[in-house]
Every structure is written in C-alpha cells, then in structure tokens.
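The structure appears right after this line, and notes come after that.
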Amino acid sequence: MKIRLITLLVLALLTSGAFYYKEKATLSYKRYQISKIQEEQFEPEKINLEPLDNSVEQVNYWSIFLDTLDDNYPEKKLLSVPFLCQNPFQNEAGWKYHDNSCEEASLIQVLLYYENRNLIAQKAHDWIIDMLDYQKPNLDLKGQAFVNFIINYLDYPQDRVFFVENSDLHLMKKILNQNIPIILPCIAKDLQNPYYNHDEYHMLTVIGYDEKHLITNDVGTKRGANFPYKNADILNANKNAMGGFFVVLPTKSSFVPSP
C-alpha cells in the first residue's frame, strides 16, 4: 500500500511538472514569434501629411476624409510612430503613477508622430500627470468622453477628432494607408500579451498591419514598440471593450511641449 501511494505521488509530481514546462515552453515560443515579427524589416512610412482646410465643418469633415481613402491599399504598412510606454520611466516605481495612463500615452504617440518629435521620460511623465489631473476622477475615458477630453484639454480642433463606432479591419487599414495612426480601446486580458499582466480596459496605438496582424505601439509594456497582434485577437479585445476606435487627424498647430 505504501509503495502504491509513493508511486501515485511521483506520477502526480511528474505530471504537474510536465504541465508547467509545457506552459513555459508555449509562452517562450509565443514571445519568440512576437520578436520575429517585430524585427521584420519592412520600410516604415515617412510622414507626409497636409492638413485639410480648417474651414470645413465637423459635420461634413468625416465624410470628406473617408472620400480620400483608397480601397487599394498595400499588403503591409508601418508608420514610424515614436514609442512611449505609459510608464515613461519604465521602472517599478513609475507604475504607482501610471497604472491608468494608457489613453494619455496613446494620444501622445500620435501627436509626436505628427510633429516628428520625441520626449524625454521626465517631460512625458509631467505631461501625462497633468492630463490625469485634468480629467480626475474619471481616469478611464471611453467613446465621446475621450474625444471631448482631447478637444478640451489640448484645445484641439473639434473637426479633427472622431470616435468611429464600426471597428472594420479594412477601414482601419485604409486609414493607416493615409499615414494616420489609430487609437484602439481593448480589454487587456483578451489581447493575450505575455508581457502585460492587466485585465481591464486598455488603449494602444495601431501603427501598421500585415496580412495576419495589426502592428501596434502598445503603451502597456516597455516591449510594446511595433508589437503585433493577430487580427482575431485584437478585434475580439476591441469588441469586448464595446468596440470602435479613435482617429485624431493632423492640424497645422503644435501641441507637444517644448524640450
């Protein structure tokens, strides 16, 4: 009887150990696949943007912008959007301030791209904290609330900021093909990102695509630059966050703080 119990115990330990190493191997392989896609050398697009006439009224502007989109977009696209982690210092202490900074960092990335700028960590931290203080106590901005924040905080032209309710993959690719990044809300756990341990509402910046992925600057992790998500995974994560995405179009004004 004693020998049988020992045998069963050994078998149980071997089984649990095999399961652990299988899970570890699966995670390592997923990280390897991600890094290979991040390293692909397809040429980032250089910014070439001409803001449209500021006199066009908002009610018509989205339709006018849609008319500029081309149905014949390339198979791959990657915008050279500067990466900014929502915790600009990328250290443990910084997360105390930046657990809810994904919306702000995603927006800042778009503005940096339009102005061909970068920010040092301290400047980015200060700007994000100022944004968070402005919107307290509502730190998770969704839908029209995020649009209103962008317009009111930055004094951004209201006919250049849109919440698009239909998260159509082809529409997003057509917008990206016009050198316009996209800010996408998601449920973080549904992204299945092995580097980002967060369950709830999240935002990231979509900066490109290939046949099977949307390429993002995911502000939730320091490894988030050019981060690929499978189309099905990221669209499901977006759907579970009530869907839709944000488009902030360029203007002739500057919004990024001076160095």
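FYI, it's all coordinate maths here, none of it is from the lab. Treat the numbers as computed from the prediction; the structure is a model and nothing was measured. Every residue, glycine as well, gets a Cβ built from its backbone with ideal geometry; the counts of neighbours run over all protein chains shown.
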> Are there any pairs, at least 6 apart or on different chains, whose C-beta atoms fall under 6 Å, with the first in segment 131-146 and closer than 12 Å to Tyr201 by Cβ and the second in a helix (DSSP H, G or I) and not aliphatic (A, V, I, L, M), and if so, which?
Replying inline: Leu141/Glu103; Leu141/Phe149
> So, in segment 204-240, of the ones that are within 21 Å of Asn91 (Cα to Cα) and either out of contact with any strand residue (DSSP E or B) (no Cβ under 9 Å at 6 or more places or on another chain) or acidic (Asp, Glu) (or both), which residue ends up surrounded by the most Cβ atoms within 10 Å (Cβ to Cβ)?
Replying inline: Asp218
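Per-residue answers, yes or no, for (1) touching a residue at least 60 places away in the same chain (Cβ under 8 Å); (2) in contact with a Pro (Cβ under 8 Å, 6 or more places away or on another chain); (3) part of a loop (DSSP other than H, G, I, E, B); (4) hydrophobic (A, V, I, L, M, F, W, C):
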position	(1), (2), (3), (4)
Ser167	yes, no, yes, no
Ile175	yes, no, no, yes
Tyr195	yes, no, yes, no
Thr205	yes, yes, no, no
Lys222	yes, no, yes, no
Asn236	no, no, no, no
>> For a quick check of your reading: which helices (runs of 4 or more DSSP H) sit entirely within segment 72-160 and have at least 1 residues that are in contact with a Pro (Cβ under 7 Å, 6 or more places away or on another chain) and more than 20 Å from Ser253 (Cα to Cα)?
In response: 121-135
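Within the group Asp210, Asp199, which residue is closer than 14 Å to Ala237 by Cα and either in contact with a Leu (Cβ under 7 Å, 6 or more places away or on another chain) or touching a residue at least 12 places away in the same chain (Cβ under 8 Å) (or both)?
Only one candidate passes the filter, namely Asp199.
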> Of the residues that make up segment 195-207, is at least one more than 14 Å from the chain's Cα centre (by Cα) and closer than 23 Å to Ser253 by Cα?
Replying inline: no
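Does Asn179 fit the bill of being under 14 Å from the mean Cα position of the chain (by Cα), closer than 23 Å to Val81 by Cα and among the polar types (S, T, N, Q)? Walk me through it before giving the result.
Details: under 14 Å from the mean Cα position of the chain (by Cα): no; closer than 23 Å to Val81 by Cα: yes; among the polar types (S, T, N, Q): yes.
So Asn179 does not fit the description; no.
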> Quick one: is Asp133 farther than 13 Å from Gly244 by Cβ and surrounded by fewer than 16 Cβ atoms within 10 Å (Cβ to Cβ)?
Replying inline: yes
>> Taking the condition of being under 25 Å from Val147 (Cα atoms) and acidic (Asp, Glu), how many residues in segment 64-105 meet it?
In response: 4
> Is it fair to say Gln158 is farther than 29 Å from Gln90 by Cα and touching a Ser or Thr at 6+ places or on another chain (Cβ under 8 Å)?
Replying inline: no
>> All but one of (1) surrounded by 16 or more Cβ atoms within 10 Å (Cβ to Cβ); (2) among the hydrophobic types (A, V, I, L, M, F, W, C); (3) more than 16 Å from the chain's Cα centre (by Cα) hold for Ala121; state the number of the condition that does not hold.
In response: (1)
>> For segment 83-104, give me the residue count where each residue is in contact (Cβ under 8 Å) with a residue 24 or more places away in the chain and either at positive phi or not polar (S, T, N, Q) (or both).
In response: 12
> Would you pick out the residues in segment 238-258 that are assigned to a loop (DSSP other than H, G, I, E, B) and of a type in the set (S, T, N, Q)?
Replying inline: Asn240, Thr251, Ser253, Ser254, Ser258
